[in-house]
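Inspection log for the structure reproduced underneath, given as structure tokens.
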């Protein structure tokens, strides 16, 4: 079977859910929501049926039965096929083992930060640090609450990873603020040139080379 293009982690989430047990789409959506997987996977529940159809077409899952609960509409229960199990394992191995360059918005902002005046850059970084501190506290409290309930840490390890990244980013921002505000970056010639120094340089009168006098011309 040709290698699938893996561009939608929601498809992997469906494979993993069906690895646990057969489910219908509504149960899949409810389970992902209850487990807060939308914090780690961009889940568009409106496209869930499209993802399921693509997995059926690829031969990775298959309809098992149609069920009806009370007066609710009939729902199709899907199960994982052997090819789907192989695809799930291969996809997970790739995600876990292979680092991938991620183009984050913050990194893009950092690589262009010199276009902001130093004072404004400091102000915006302080805002980010404050927000990161709040988010870290909230996530840590939520994580502690989940673990107290008895859920094994294995099933929330992605939240621990997200927390560690947020804490590391906050420390980076604090260090960057010190370098800009206290260690001289704000007054560096290159940064000053972009915000005022360039205009001053442009305003200076430009003089051409001195004309040589007759005596000089004769040597």
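Here are some notes:
- Rounded, prolate or oblate (a/c below 1.5 giving rounded, otherwise prolate when a/b exceeds b/c) for region 9-97 by Cα gyration tensor: oblate
- For region 72-124, the Kirkwood hydrodynamic radius comes to 16.1 Å, computed from all pairs of different C-alpha atoms.
- Å³ per residue enclosed by the Cα convex hull of the chain: 260
- Of the residues 192, 101, the one with the fewest other Cβ atoms within 10 Å heads the list, and the complete ranking is 101, 192.
- Region 105-202 pair-distance distribution - Cα-Cα, 5 Å bins, rounded %: 2, 11, 18, 17, 13, 10, 8, 7, 5, 3, 2, 1, 1, 0
- Taking the chain and dividing mean pair separation by its residue count, relative contact order in percent (alpha carbons under 8 Å, at least six apart): 16
- With neighbour counts taken as other beta-carbon atoms within 10 Å, the residues 26, 78, 103, 161 rank, fewest first, as 103, 161, 26, 78.
- 0 to 90° range, to nearest 10: angle between helix 82-97 axis and the chain longest Cα axis: 30
- Angle in degrees between helix 48-57 and the longest Cα principal axis of the chain, rounded to the nearest 10: 70
- Ranking of 96, 52 by count of other Cβ atoms within 10 Å, fewest first: 96, 52
- Scaled radius of gyration (Cα, divided by 2.2 N^0.38 Å) that region 134-187 gives: 1.59
Only the coordinates and a few stated rules stand behind these numbers; no lab work does. All values derive from a computational prediction rather than experimental measurement. Neighbour counts are summed over all protein chains in view; Cβ atoms, including those assigned to glycine, are modelled from backbone coordinates with ideal geometry.
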